[in-house]
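Quick notes on the structure that follows.
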Amino acid sequence: MDNTTNRWRTIDIVVASVIAVAFGVIFWAWGLVWSATEGAFAFFPPAQTLIYGVWLMPAVVGGLVIRKPGAALYCETVAAVVSALLGSQWAGTVIPQGIVQGIGAELAFAAFRYRSFRLPTAALAGALTGLSAALFDFFVWNVETELVNYRIPYALLTIVSATVIAGIGGWLLTRALANTGVLDRFPAGRNRALV
Amino acid sequence: MSAVLLRGFGWRHAGRRAWAVRGVDLRVEAGERVLLLGPSGAGKSTLLSALAGLLPEDSGEQEGTVEIDGLDPRKGRERVGIVFQDPQTQLVMARCGDDVAFGLENRGVPTAEIWPRVDEALRRVGFPYSRDRNTAALSGGEQQRLALAGALALRPGLLLLDEPTANLDPAGADLIRQAVAGALDADTTLILVEHRVAEALPLVDRVVVLEPGGGVRADGPPEEIFAAHGATLADEGVWVPGHPVVPRPATATPGDLLLTADRLGLPPRLGPTNLGVRAGEALAVRGPNGAGKSTLALLLGGLLKPGTGRVTASAELAGSDHRTPPHRWRAPALAKRIGSVFQDPEHQFVTSTVFDELALGPRRTGQQEAAVKDTVAELLERLRLTRLAAANPYTLSGGEARRLSVATALATAPRLVICDEPTFGQDRRTWRELVDLFADLRDAGHGIVTVTHDADFVAALADRTVTLERQ
Amino acid sequence: MISIEPVAAPGAPLARRNPVAKVAAALVFSFTLLATLDPVAPAIAIAVELAVLPLFGVRYRVLARRALPLLLSGAGILVTLVLFAADRSGRVLLDVGPVMVTTGVLLTALGLILRVFAVALPGVIVFATTDPTDLADSLIQNAKAPPRFAIGALAAFRLVPLLGQEWQMISMARRARGVDAGRNPVAKLRLFASTAFALLVGAIRRGTRLAVAMDARGFDADTPRTVARRQRFGPADGLLIAGAVVLAGGALTVSVLLGTFRPLIS
Ligand SMILES: Nc1ncnc2c1ncn2[C@@H]1O[C@H](COP(=O)(O)OP(=O)(O)OP(=O)(O)O)[C@@H](O)[C@H]1O
Ligand SMILES: Nc1ncnc2c1ncn2[C@@H]1O[C@H](COP(=O)(O)OP(=O)(O)OP(=O)(O)O)[C@@H](O)[C@H]1O
Ligand SMILES: [Mg+2]
Ligand SMILES: [Mg+2]
């Protein structure tokens, strides 16, 4: 099958979905292992921006692995629906939020016409998801706070976190996945040594 | 009613130098029932995937041609039904009825016809539950039957079965074989892969033996094949009926108790169980699917926290830790004392090459690098995995993966070894090697616990048997 | 253990509605309420949500358990506003360093906390009463979602409980081979990361095999799919969405009439 066409193969659809679902489960396990952190964040909410990028990883990883138009958007949206179905307290609102965040990464990959999947592209995708997430929070959740002391630093930190964790981290993660051989049927997993 | 034609067929998986299967010329007429044999790693599963059109061009390299009724199998998929060895990965939907209906929906069967066909397929395989049952709530045998129903509902002309009874208890395996026998139409072509020839023979009228290096070794009616080549085939790893294996009973009386389970249980998976394991003894644990054998193995191995009762290790096994139960030991200490082999080999793999997989335990328990290399090399050689040292454990064939998982548990030379189904899916040669390996360990004073459905293995090795009942 | 079964009584009158209609109603209701920052409209909305709960067959205890983490977010909002509120009008109640609490701050915090609850609860209720299979069926049949994507996502979703078990298996496998973290938090974090990575690898591998199994049953064929289970979108489902619009609009209207309405974008 030809990987340069834009038609999604079954394996593209299922693996993209599985990436989203697995991140859902990892977030769930994170909650179990580090339940204390949630409380800590509640007492200093801006600290959340430091790990904000983790929630945005599915978009970048999905885009880097599948390499088809819509992959980033699809992964982040499915991840949002999955967390809603699993009983996230945010339920419905994460879905539009996921869509908005996914669009950010999608734009980055689209800007390179789905031809470049190197580190700078990934960092840009991370930054743009961060930007869209920051805009969403800026206008929807943080409206009542001080502009200079809170809203703007919060937005900037979100973007930085997304660039570093989702963008660069997502790229490193994809490379590590390729090294395990699970991505052999994707362009991201080609060129490994023969045994 | 589909015919198969292979001409010089070969397949090499992406990332491998060696061909998984090569030079196969084979013609199977419509309605024939074929048993496909060959030692572990000979390429049987690969061949079945090719026939089902499931080897995408981007996942390897092909030689020669495959045709189903004159068509490329990738184009003629609606003629073929396949049931893989692992039922879990082939169930798609959450409800049993939906899962059988899935294939029918894909083929565009009109809505009004779907449910009658689903019900008929479920009835033919003797599925005991309603359509709304959750697929996650089925035992392995039940999942296997559901997968079979999913394939049969599509009324395939060619049915491919890859070790459909591995991991099932003898009663469950019988049920599957009956279901296959009862569910086949007179003109359905069947190709079955199964190591345990004796049980599979009633289903087939022709045997094809693959040669590991390439080509077909023998082909014809079972009696003729086994009369002509029986002894050599048995030597090479085929389970030829009437070639029993030499048993290895204990040479000395067992030593002291190593591990004691006292009313040990984990409701609802396992009720309270009492049991003791001695040094120099091979203990077999048997029982039907779902009785809690694997749970018991994990509890004994110090990997799960008991729900009821306790596990006590003797000072001989535990050294300074003998006052604490195994599940509280630090991991490196545990790995040195008790080795565990999981039921699903893939659950056990932690690293990304066969070599690292074997080296991990010794490294963690503080062996020198030179010693590690020797240990690994010896195990690789003994279980015939040397050629695969750099391969990814997840790309191994079923039998190779099983051997590797056994070897990883032995690499730290633990005093007590706990194995869950160590012999499933093994050819006769590996099977004999495993028996010898365990017997040598036992005779050297190690304790061995094996959870198994394999009656031959129990007869050849076990000194004592414990049977669990389903609660 | 993670469960993916719906938690509601399946026969309840609103739980039985078309899944797409339920999700649409929840989204409409939530997003209407996002438009305001005052405490009155969300308070009315929460009252409405609690009142319709029995019609969805969800017990209050179940909702409380799912909504419990929202309390933490509530606490977070309070802290944030105490530290960073833009508007600190009203009587000063407390003033130490950066912390300045005024009646205005408390009122804003109340409004935002109620808003979070009012916006989140509809989704919690709807997803607690919706079976994923029905949702996928309905998305395909009533919302014209592409079937391959909806079914693919559904098949992946079925893996959730399996992945939960896999998490345990991976942890046990590591322990059996001598890998553990002990009490060291850095080692614990590293072990968490490597377990999560192994889970992801295993999940993708499963996904690859699942895709093969799906293709083996004709998933990728060019034949148009039929459906085994009809999902109908009837007048009652339309009414549910209309009801959500009316009720959310009503809450806003009351707030406007009372003069408390504070639009999000002013
Ligand atoms: N996905 C894969 N990637 C790379 N190599 C593979 C893959 N699957 C199988 N192989 C290799 O191809 C060879 C044949 O494997 P196959 O699974 O067909 O054997 P088999 O005859 O079914 O053996 P068994 O009886 O042990 O199941 C093996 O050496 C195996 O390591
Ligand atoms: N992780 C788990 N969580 C909950 N229940 C489980 C889990 N693993 C197994 N069970 C259930 O516990 C029971 C005992 O399972 P176990 O795997 O120990 O049986 P077994 O005797 O090894 O069966 P088999 O012969 O099929 O391997 C089964 O009913 C099973 O469904
Ligand atoms: Mg095989
Ligand atoms: Mg078991």
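Just so it is clear, none of the values below were taken in a lab; they were calculated from the coordinates. Predicted model, so just to flag it, every value in this text is computed and none were measured. FYI the Cβ positions are ideal-geometry reconstructions off the backbone, even for glycines, and counts take in every protein chain you see.
Taking Cα atoms only, the orientation of helix C:185-216 departs from the longest principal axis of chain C by about 60 degrees.
Stretching B:Glu223 away from B:Ala181 to a fully extended chain increases their span by 13.1 nm, per 0.36 nm per residue minus the current alpha-carbon distance. Report the Cα centroid-to-centroid distance between the range C:169-190 and the range B:345-400 in angstrom, as an integer. Between the Cα centres of the range C:169-190 and the range B:345-400 lies a distance of 20 Å. Applying 1/(1 + (r/R0)^6) with r as the Cβ-Cβ distance of C:Ala12 and C:Ile265 and R0 = 41 angstrom yields a FRET efficiency of 0.65. Geometric descriptor of the range A:99-195, per residue, is 100 Å³ (volume of the convex hull of the Cα atoms). Largest GNM mean-square fluctuation among C:Thr226, C:Thr208, C:Thr133, using chain C with Cα springs under 10 Å: C:Thr226.
The packing ranking of peptides B:449-455, A:77-83, highest mean first, is A:77-83, B:449-455, where packing means the average number of other beta carbon atoms within 10 angstrom of each residue. Residues considered: C:Ala181, C:Ala35, C:Ala24. Largest GNM mean-square fluctuation over chain C, using C-alpha springs under 10 Å, is found at C:Ala181.
Convex hull volume of the Cα atoms of the range A:54-162, normalised per residue: 91 Å³. FRET efficiency for the B:Ser320 to B:Asp256 pair, using the beta carbon distance and R₀ = 22 Å, is estimated at 0.80.
Restriction of the trypsin sites (Lys or Arg not before Pro) in the range C:108-173 to DSSP coil positions whose beta-carbon has at most 13 other beta-carbons within 10 angstrom yields C:Lys144. Spin-label model, C:Phe197/C:Leu107: points 7 Å from Cα along the beta carbon direction are separated by 5.4 nm. How much length is gained on full extension from B:Ala18 to B:Arg263, taking 0.36 nm per residue of separation minus their Cα-Cα distance? Once the chain is fully extended between B:Ala18 and B:Arg263, it gains 83.1 nm. Centroid-to-centroid, using Cα positions, the range C:200-220 and the range C:38-81 are 39 Å apart. Seen against the Cα atoms of chain B and their longest principal axis, helix B:170-183 is set at about 0 degrees.
Per-residue shielding of C:68-77, expressed as the average number of other chain Cβ atoms within 10 Å of the residue Cβ, stands at 5.
Between the range C:105-167 and the range A:93-135, the alpha-carbon centres lie 22 Å apart.
Loop-located trypsin sites (Lys or Arg not before Pro) across the range A:67-156 with a Cβ neighbour count of 11 or fewer within 10 Å are A:Arg113, A:Arg115, A:Arg118, with loop assigned by DSSP. Of all DSSP-defined beta bridges confined to chain B, some 45% are antiparallel rather than parallel. Label sites at C:Val254 and B:Thr65, each approximated as a point 7 angstrom past Cα along Cα to Cβ, lie 7.7 nm apart. Compactness of chain B was expressed as the Cα radius of gyration divided by 2.2 N^0.38 Å, which yields 1.01.
Rounded to the nearest 10 degrees, the angle from helix B:222-236 to the longest Cα principal axis of chain B is 40 degrees. Debye-formula intensities of the protein assembly as shown, expressed as log10 I(q)/I(0) at q = 0.04, 0.08, 0.09, 0.10 Å⁻¹, are -0.21, -0.81, -1.01, -1.22 (one equal scatterer per alpha-carbon, no solvent). Backbone amide hydrogens, once placed in the peptide plane, bring B:Leu210 within less than 5 Å of B:Leu37, B:Gly38, B:Arg217, excluding anything fewer than 5 places away on its chain. Beta bridges assigned by DSSP with both partners in the protein assembly as shown are antiparallel in approximately 50 percent of cases.
For the pair B:Tyr129 and A:Leu135, label points projected 7 Å from Cα toward Cβ lie 4.7 nm apart.
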